[in-house]
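Peer 1: Just dropping this structure here.
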Amino acid sequence: MGVRQRKSPEETAGPAKGRVADDDSPQRKGARFGLRRKSVTPVPTALAQVDREKIYQWINELSSPETRENALLELSKKRESVPDLAPMLWHSFGTIAALLQEIVNIYPSINPPTLTAHQSNRVCNALALLQCVASHPETRSAFLAAHIPLFLYPFLHTVSKTRPFEYLRLTSLGVIGALVKTDEQEVINFLLTTEIIPLCLRIMESGSELSKTVATFILQKILLDDTGLAYICQTYERFSHVAMILGKMVLQLSKEPSARLLKHVVRCYLRLSDNPRAREALRQCLPDQLKDTTFAQVLKDDTTTKRWLAQLVKNLQEGQVTDPRGIPLPPQ
């Protein structure tokens, strides 16, 4: 079967073939995970009605193992043009159970890691529909109450660097990313009861550039919530783990620059500096590369990140006392 490029709810559909094997473009991959928006062209009324009948048919076909694979493919391609697809999926009989069955069916291929490109593409189509449900305001709360994100965590635990596994992790991160993009308190409260932070930190340390970017974005969104910031700064162990991974990322970015990834890393540091205890610790452990001109060339056209970086340095300097020899002294 041909393989198809998937995307975030804000992004345009990818080609129907060559999804894992051929599409390496970071720009196209980034678009799938909400890093770029595109408006949806209105569909003529007559055509919309025809499409709607097909949508009903495909949703019904999800309940049958014989017709499910094609229905997954077609629905994942149509999810941008059907604004109420998420409620239709959620409230139709057996549909969510069928999507979860697609996820659970892949578990045996995780360990030992035998996942094929075809298996990865099929489950990613199911994940695309779950991302649609996670993004919709009418279904998001029920999606969380059912603890459906937990079904994705085994995928985030995988470490194989083959293309099918990388795509599976990236798509799973996309579902969590769709949740945190809403900036809703219930999402953060739910995620803090799970292991999402250590999972993201591991991917931030050893994943591909795009996986690192999405994982760092999720951490950033958690930090931007007051409850999330307080949670991470509550103990030295939590803060030090986050600071250690961010520090490793800065060192790696100094060797292999990525403006997009650096932007999220700087924003995480800036948010951490809003916490008094974290700010004091960052004075000792902020990487030198963020204090000198290491990233001047990378950020030359990025005024937002440059402003964040300047504010970070300013935050860490405030409250310090310097003696005549230029040695920082602790505040009195």
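Peer 1: Any idea which of (1) at pLDDT below 95; (2) acidic (Asp, Glu); (3) part of a loop (DSSP other than H, G, I, E, B) is the one residue 66 doesn't satisfy?
Peer 2: All conditions are met except number (1).
Peer 1: Among the candidates 260, 271, which residue alone is assigned to a helix (DSSP H, G or I) and farther than 19 Å from residue 198 by Cβ?
Peer 2: Just a single option satisfies the conditions, and that option is 260.
Peer 1: Now for a different question. Run down 218, 197 and say which single residue is β-branched (Val, Ile, Thr) and touching a Cys at 6+ places or on another chain (Cβ under 8 Å).
Peer 2: The unique qualifying residue is 218.
Peer 1: All but one of (1) crowded, with 21+ Cβ neighbours inside 10 Å; (2) under 23 Å from residue 171 (Cα atoms) hold for residue 228; state the number of the condition that does not hold.
Peer 2: Every condition holds for residue 228 apart from (2).
Peer 1: Test residue 80 against the stated conditions and say whether it is in contact (Cβ under 8 Å) with a residue 40 or more places away in the chain, open to solvent by 10 Å² or more (accessible area, probe 1.4 Å), at negative phi and not in a helix (DSSP H, G or I).
Peer 2: Against the criterion (in contact (Cβ under 8 Å) with a residue 40 or more places away in the chain, open to solvent by 10 Å² or more (accessible area, probe 1.4 Å), at negative phi and not in a helix (DSSP H, G or I)), residue 80 qualifies.
Peer 1: Picking from 277, 283, which residue would you name as being open to solvent by 60 Å² or more (accessible area, probe 1.4 Å) and in the same structural domain as residue 242 (by the TED database)?
Peer 2: Matching residue, one of 277, 283: 277.
Peer 1: Let me ask something additional. Please state which one of 135, 120 is open to solvent by 10 Å² or more (accessible area, probe 1.4 Å), in contact with a Pro (Cβ under 7 Å, 6 or more places away or on another chain) and either polar (S, T, N, Q) or at pLDDT below 95 (or both).
Peer 2: 135 is the lone residue from the list that is open to solvent by 10 Å² or more (accessible area, probe 1.4 Å), in contact with a Pro (Cβ under 7 Å, 6 or more places away or on another chain) and either polar (S, T, N, Q) or at pLDDT below 95 (or both).
Peer 1: Looking only at the stretch 165-187, count every residue that is surrounded by fewer than 22 Cβ atoms within 10 Å (Cβ to Cβ) and either without any contact (Cβ under 8 Å) to a residue 24 or more places away in the chain or not acidic (Asp, Glu) (or both) and tell me the total.
Peer 2: Result for the stretch 165-187: 4.
Peer 1: From the list 226, 183, exactly one residue is on the phi > 0 side of the Ramachandran plot and not β-branched (Val, Ile, Thr). Which is it?
Peer 2: None of the others qualify; the one that does is 183.
Peer 1: Also: Have a look at 240, 258, 254, 273 and point out the one that is over 21 Å from residue 218 (Cα atoms), at pLDDT 95 or above and among the polar types (S, T, N, Q).
Peer 2: Selected residue: 254, the only one of 240, 258, 254, 273 that is over 21 Å from residue 218 (Cα atoms), at pLDDT 95 or above and among the polar types (S, T, N, Q).
Peer 1: Taking residue 218 as the residue in question, decide whether it is touching an Asp or Glu at 6+ places or on another chain (Cβ under 6 Å) and either part of a helix (DSSP H, G or I) or not hydrophobic (A, V, I, L, M, F, W, C) (or both).
Peer 2: no
The values are calculated or read from the model by the stated rules, or taken from the named source; none is laboratory data. This structure is a prediction, so every number in the text was calculated from the model and none was measured. All Cβ positions, glycine included, derive from the backbone under ideal geometry; neighbour counts span all protein chains shown. To get the accessible areas, we keep the full protein, side chains included, count just its heavy atoms, and leave off ligands, DNA and RNA. Shrake-Rupley method; radii C 1.70, N 1.55, O 1.52, S 1.80 Å.
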